[in-house]
Amino acid sequence: MKYFSTRGAAHAAPKSFLDILLAGLADDGGLYLPTEYPQVTAAELSAWRGLSYADLAFEIIRKFADDIPADDLHAITRRVYTPEVYRNVRDGENAADITPLRVLGEEGGTTLALLALSNGPTLAFKDMAMQLIGALFEYALARTGQHLNILGATSGDTGSAAEYAMRGRKGVKVFMLSPKGKMSAFQTAQMFSLQDPNIFNLAVEGVFDDAQDIVKAVSNDPAFKAKWAIGTVNSINWARVVAQVVYYFKGYFAATKANDERVSFTVPSGNFGNICAGHIARMMGLPVARLVCATNENDVLDEFFRTGSYRPRKGAETWHTSSPSMDISKASNFERFVFDLFGRDADEFRRTWVKIDSEGSFTLDEEMRARIRDEFGFASGRSSHEDRLATIRDIDARYGVVVDTHTADGIKAAREQLEPGIPMIVLETALPAKFTETIEQALGRPAPRPQGFEHLEGLPQRFDVLPADTEAVKAYIVKHAT
């Protein structure tokens with residue numbers, strides 16, 4: 001399996017999985033994709049149906065990482081995906097399932113269900129990929145004797161998941177940018193309370209998109225990136241996305257009895273990485289009917305899927321909402337999908353993509369819009385603060401389940417796209433304890449907390465404040481890098 005950049009596919013030599021594992025962005029500013037998506041046969045689907053999560057992860061990831069010896073990769077997936085790591089399950093769920101499926105009920109002539117992705121150490125779906133990334137990074141660095149300085153940006157969940165996956169790992173330091181004052185109190189405490197000497201939290205005076213732009217700017221400086229061994233853990237890193245492909249297969253198996261059945265997935269979306277993994281699973285041959293992209297008030301992606309126009313917003317136009325992990329107006333992974341949409345024609349893709357910088361947007365014709373809907377199976381929906389409060393109340397009253405604000409956005413969008421006879425699986429984003437302020441507003445009581453998180457906000461916090469300036473971040477890295 002070889003990889004190339006969305007922006008230099010016709011010019012650069014393809015690379016292996018281990019070549020791109022530590023790199024993040026390609027040197028030309030593009031995102032890595034495999035030269036082709038591996039296809040899953042009917043026999044493989046049948047054989048995989050009864051596998052544990054760790055063994056399923058091995059079977060899927062080995063198709064993308066064939067330069068890692070099979071025994072080594074299998075040992076990694078079995079070490080990462082254990083009930084000891086993913087233990088924060090709800091009552092009645094089995095931690096050994098890793099991502100248990102919770103059926104809410106029958107609505108619109110079909111089954112509405114949640115795929116529990118938030119049982120890991122930071123209570124968010126980002127753990128599902130990040131724990132694996134931490135193990136893969138350590139494995140790759142040990143083989144070469146190298147070190148790595150990870151630079152990331154977070155709107156809340158990526159940062160804590162990355163830090164908990166990398167804390168104490170040999171040869172790794174983490175520099176995590178977050179928008180100052182824009183995360184929930186729980187998210188902030190979860191990150192800033194870490195005292196590990198290889199973890200550096202940087203509160204940027206701006207919004208998430210400012211932080212993400214800094215990460216991209218540093219990644220687009222090849223000399224600095226090489227000298228200071230800069231790597232990324234944001235979903236621009238291909239390994240992050242491919243690790244997330246696994247739970248689409250696991251969710252499908254949990255919701256069906258035979259491989260001729262189809263399911264739909266609704267995905268709360270910010271940076272488009274999570275739903276991009278669903279797109280890849282579908283391209284591999286997983287029987288997915290619909291992929292519903294759910295947004296909050298920062299509805300750039302919903303606007304695109306409804307109208308065909310992609311208009312990334314400026315920093316000041318990004319709203320701070322009660323589902324803050326989705327407060328993103330420039331979705332990095334969207335580039336991967338658009339590249340596939342253009343049939344991987346690099347020249348045609350670039351002619352369209354450059355319009356974002358020159359004109360601020362691009363608009364697709366009706367033929368392309370029909371392909372998005374009919375060939376790629378995408379739909380979308382939008383949720384507001386009042387919508388998510390109403391959804392949280394309704395799901396609690398109807399099913400006795402408390403969901404977080406982002407998952408509520410997903411449920412709201414899912415209910416607008418139900419098809420009789422096709423199960424709808426909403427990907428859970430986080431446990432509600434991470435956003436208890438809004439849960440209390442909706443239900444009049446705080447969100448339930450898993451054991452061990454009762455006094456998180458009272459712990460001492462360690463972080464530095466920086467301006468939203470690339471050079472300031474570079475100077476900080478130089479001062480503290482390995």
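Points to keep in mind about this one:
- Region 1-71 and region 285-318 have their alpha-carbon centroids 25 Å apart.
- Partner aspartates and glutamates for K479 [C-alpha distance under 14 Å; skip if fewer than 8 residues away on the same chain]: D464, E471
- Label corresponding to semi-axes √(5λ) of the Cα gyration tensor in Å when calculated from the structure given, among [x] 54, 22, 21; [y] 29, 27, 24; [z] 46, 25, 20: [y]
- Ranked by how many other beta carbons lie within 10 Å on average, peptides 65-71, 211-217, 83-89 from highest: 211-217, 83-89, 65-71
- Take each peptide in 158-164, 455-461, 253-259, 109-115, count the other Cβ atoms within 10 Å of every residue, and average; sorted highest first, the result is 158-164, 109-115, 253-259, 455-461.
- Summing charges over neighbours of Q131, with a neighbour being any other residue whose Cβ is under 14 Å away from its Cβ, gives +2 when K and R count +1 and D and E count -1.
- Here the Karplus curve 6.51 cos²θ - 1.76 cosθ + 1.60, taken at θ = phi - 60°, turns the phi angles of region 249-265 into couplings of 5, 5, x, 4, 4, 5, 9, 10, 10, 9, 7, 8, 8, 10, 9, 10, 10 Hz, with x standing for Gly and Pro.
- Taking 18 Å as the limit for the C-alpha separation, the pairs K63/K250; K173/K225; K182/K434; K126/K434; K314/K474 exceed it in the case of K314/K474.
- Prolate/oblate/rounded label for region 46-187 (Cα gyration tensor, a/c 1.5): oblate
- For S309, the residues whose modelled amide H falls within less than 5 Å of its own, excluding neighbours fewer than 5 places apart on the same chain, are L364.
- Long-range amide H partners of S193 with built H, under 5 Å: R462
- Inter-centroid distance (Cα atoms) of region 99-164 relative to region 205-269, Å: 10
Throughout, read-outs are computed from the coordinates displayed, never taken from laboratory work. A quick note: this is a predicted structure, and the numbers were derived from the prediction, not measured. For neighbour counting, all protein chains shown are included, and Cβ atoms are generated from backbone atoms with ideal geometry for every residue, glycine included.
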